[in-house]
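Novice: Here it is, the structure, as structure tokens.
The values are calculated or read from the model by the stated rules, or taken from the named source; none is laboratory data. Quantities reported herein were computed from a predicted structural model and do not represent experimental measurements. We place every Cβ from the backbone using ideal geometry, glycine too, and count neighbours over all the protein chains shown. Quick note on the areas: whole protein, heavy atoms, side chains included, nothing else; ligands and nucleic acids left out. Shrake-Rupley method; radii C 1.70, N 1.55, O 1.52, S 1.80 Å.
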Amino acid sequence: MSLFFVADKAVLDDSRLSSNDVRIYYKLVSYMNRHTGSCYPRHATISKGIGLSRSTIYRSILHLAKLGYVKITRKSSTNEYHLPKQVILEDTRKKLIVDNYVSNKSNYVSSMTDINKTKYNYYRGKNNNRYNYNRTYSDRGVANHSKRTIDHKGEKYKNDGEWGDYLEFRSESGKRIKVHKFKNLIEEINKPKKNSTAAIIIRQHAQKIN
């Protein structure tokens, strides 16, 4: 059983459902396997969890099935409860996660990413003495932060380290850029500044003195 789950607001707003219907539906959701959309709790288990009688649970589940919230399949020793609306909600949530944190032009995170399976790693970049925080998604869709080379404005850049949410790259000519891991964003860093007139005069004066 899950310690937490995503709740469908439409269930709370459905006037056809009683308070017991809502409680029992969310209890089924808490048992649901997110990959199959099904669960197999006995009426006695549900009753023990939320304090309602088995007859109340039986009637509510039949009502939920009539409204399309639950599909019931009889198994040898128990029932299988499939929750199609919750499956749609879970899939929508995963898509929103990808859309919010990953550029549409990138392929950093698979659409199968499960936000409940997140690992935290540390990475030491080249010429960097500090360990930097690096978030990756594990198991079902791993964030790809391992790009070693990219093309930018006609030049090839090689990975030179990592800092926060950015990957740093350096070209053969010494130019450096940083690329955001989750957004379509590239910034030039240490861009040479144009010499001002005052700086030129000071440098020329110093050369005459020497």
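Novice: Contour minus end-to-end for residue 88 and residue 183, with contour as 0.36 nm per residue of separation and end-to-end as the Cα-Cα distance?
Specialist: Extra length available between residue 88 and residue 183 comes to 31.6 nm.
Novice: Rounded to the nearest 0.05, what FRET efficiency do residue 75 and residue 7 have when you use their Cβ-Cβ distance and R0 = 45 Å?
Specialist: Approximately 0.95, to the nearest 0.05.
Novice: Based on the mean of other beta carbon atoms within 10 Å per residue, what is the order of 53-64, 24-35, most packed first?
Specialist: Numbers: 53-64: 16.7, 24-35: 19.3.
In decreasing order of mean packing, 53-64, 24-35 become 24-35, 53-64.
Novice: Over region 2-101, with the other protein chains present, what is the accessible area per residue in square angstrom, probe 1.4 angstrom? Kindly include the intermediate steps, with their values, before the conclusion.
Specialist: On the way: 5710 Å² over 100 residues.
Accessible area per residue, region 2-101: 57 Å².
Novice: Would you please give the residues with an amide H less than 5 Å from that of residue 161, counting only those at least 5 places away or on a separate chain, with H modeled from the backbone geometry?
Specialist: Close amide H contacts, sequence-distant or interchain: 126, 168.
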